[in-house]
Structures are given as structure tokens and as C-alpha cells.
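The values are calculated or read from the model by the stated rules, or taken from the named source; none is laboratory data. Here the structure is a predicted model, which means the values were calculated and not measured. Cβ sites come from the backbone with ideal geometry, for glycine too, and all protein chains shown count toward neighbours. Surface accessibility is based on the protein's heavy atoms, side chains included, excluding ligands, DNA and RNA. Shrake-Rupley method; radii C 1.70, N 1.55, O 1.52, S 1.80 Å.
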Amino acid sequence: AELMLNSDSEMTLVGGNFGVYHVGRKTQTPKGTITLNGAITNVPAIYFAGTVNVNTNVTVAKIGGVDTVQNATNLTYQTVAPGFTNGCGNLNLGTFTVPDGATYEWTLADTNAPAGTGYDQITGTTVTFGGAWTVSLDVADFTGTLDGSEVFTIIDGTSITDIGTPTVTAPGTGYRVG
């Protein structure tokens with residue numbers, strides 16, 4: 001099942017076991033605020049354009065979208081994917097932990113465009129890595145060329161600890177993390 005919420009005003013969901021949340025308009029334009037209260041579990045994915053307040057523990061397989069997650073320390077996830085399926089985005093998670101075994105679905109679309117438009121970026125204040133993690137590279141909509149000198153800041157934070165070396169999965173060859 002899928003729960004799609006379209007509103008420019010604030011909404012609150014209290015507890016439950018739902019399908020996929022689509023908060024906003026399935027666009028890159030931030031709209032409205034949603035507050036998650038109560039034990040919300042077994043959610044396959046939350047995609048949003050706007051602000052999500054996570055006031056209590058929320059377990060989700062995948063979180064994606066653009067704009068801001070407030071109280072991300074209450075959020076348990078396995079996959080994070082800034083933006084939507086139709087483009088890149090910037091996802092602000094504030095203070096958060098990348099859990100052990102997590103996957104970052106990172107999209108590169110245009111080397112000449114900034115973060116959030118040309119490629120995905122997660123921003124935060126305090127970012128902690130809880131163990132091994134994977135960057136899954138999506139270049140399906142890539143335009144342009146790469147000469148090997150490009151640097152993309154895919155996670156930008158005031159304090160980043162225990163980043164380790166992620167595993168990179170990508171189509172083709174020639175990618176490296178450094």
C-alpha cells in the first residue's frame with residue numbers, strides 16, 4: 001500500500017504500519033511539514049519534499065527526497081537516497097548516524113551543476129558512521145564527461161567521524177573513492 005500526502009500545511013502521523021510515504025508532490029519543490037509520532041515501523045520508504053519531524057523512533061528501509069529531516073537521530077534506515085527518481089537533490093539530516101551496512105544511493109547527472117542539482121548530497125551537522133557502508137553510484141542520466149580530476153562532496157558536515165572506506169558499486173569501471 002502507498003500513502004501519499006499532498007499538503008502545503010503541517011500534518012502529523014501517529015503510529016502505524018504503512019506502505020510507502022510520499023510527502024509533498026513527488027517534485028523537487030519543498031512543500032509543507034510532516035511530523036511522525038509514535039512507533040512507526042516496517043515502512044518500505046519515505047520520500048519527501050519539505051520538512052519531516054521525526055519525534056519518536058521511526059524505522060524505514062529507505063529515506064529519500066529533498067529538504068530537511070529534523071531529529072534524524074530517531075530515524076533508523078538502511079538506504080538513503082537524496083532527491084527523487086527524476087533527479088538529484090540535497091538532503092539535510094542534521095545530526096545523524098549512518099548505520100553499519102547502510103547504502104547511500106548516489107546519483108551523478110551533470111558535472112557542471114552544483115550539489116543538489118548535478119549530483120546528490122547529504123548535509124548535516126554531526127555525521128557519525130556506525131561501520132561499513134556502500135555508495136551505490138547511479139549514472140543513468142549522466143551528461144558530460146569526466147577527466148578524473150573531478151571531486152564531488154557527497155556528504156558535507158560540520159563534524160564527520162569514523163567515515164572509513166565505503167564500498168563503491170557502479171556500472172562499468174574506473175571509479176574510486178579518495
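Return yes or no: is THR126 of a type in the set (Val, Ile, Thr) and either under 18 Å from VAL52 (Cβ atoms) or in contact with a His (Cβ under 9 Å, 6 or more places away or on another chain) (or both)?
Details: of a type in the set (Val, Ile, Thr): yes; either under 18 Å from VAL52 (Cβ atoms) or in contact with a His (Cβ under 9 Å, 6 or more places away or on another chain) (or both): no.
So THR126 fails the test.
So which strands (runs of 3 or more DSSP E) are wholly in the range 67-144 and hold at least 2 residues that are at positive phi?
It comes to none.
Looking at the range 138-150, I want the residues that are farther than 13 Å from CYS88 by Cβ and among the β-branched types (Val, Ile, Thr) and have a partner that is outside any loop (DSSP other than H, G, I, E, B) and modelled with pLDDT of 85 or more with Cβ atoms under 9 Å, at least 6 apart or on another chain. Which pairs are those?
Nothing qualifies.
Would you mind finding the one in THR161, THR107, THR153, THR167 that is free of Cβ contacts under 8 Å to residues at least 60 places away in the same chain and either surrounded by 15 or more Cβ atoms within 10 Å (Cβ to Cβ) or out of contact with any strand residue (DSSP E or B) (no Cβ under 8 Å at 6 or more places or on another chain) (or both)?
THR107
When you scan the range 145-160, how many residues do you find that are in a loop (DSSP other than H, G, I, E, B) and aliphatic (A, V, I, L, M)? If you could, list the steps in order and put the result at the bottom.
Of the residues in the range 145-160, the ones in a loop (DSSP other than H, G, I, E, B) are 145-154.
If we keep only those that are aliphatic (A, V, I, L, M) as well, we get 146, 151, 154.
Adding up the residues that qualify gives 3.
Checking the condition over 17 Å from the mean Cα position of the chain (by Cα) and of a type outside the set (A, V, I, L, M), which residue from GLY164, GLY130, GLY124 passes?
Unique residue meeting the criteria: GLY164.
Checking TRP133 against (1) open to solvent by less than 20 Å² (accessible area, probe 1.4 Å); (2) modelled with pLDDT under 85, which single condition isn't satisfied?
Single failed check for TRP133: (2).
Looking at (1) without any contact (Cβ under 8 Å) to a residue 24 or more places away in the chain; (2) open to solvent by less than 50 Å² (accessible area, probe 1.4 Å), find the lone condition where GLN121 falls short.
So GLN121 meets the others, but not (1).
Among the residues of the range 79-90, is there at least one that is more than 24 Å from THR59 (Cα to Cα) and open to solvent by 60 Å² or more (accessible area, probe 1.4 Å)?
yes
Tally up the residues in the range 53-72 that are more than 12 Å from VAL98 (Cβ to Cβ) and over 10 Å from the mean Cα position of the chain (by Cα), please.
11
Does any residue of the range 117-127 turn out to be charged (D, E, K, R), under 19 Å from VAL58 (Cα atoms) and in contact with a Gly (Cβ under 9 Å, 6 or more places away or on another chain)?
No - not one qualifying residue is present in the range 117-127.
When you look at ILE163, is it hydrophobic (A, V, I, L, M, F, W, C) and not in a loop (DSSP other than H, G, I, E, B), yes or no?
So ILE163 does not fit the description; no.
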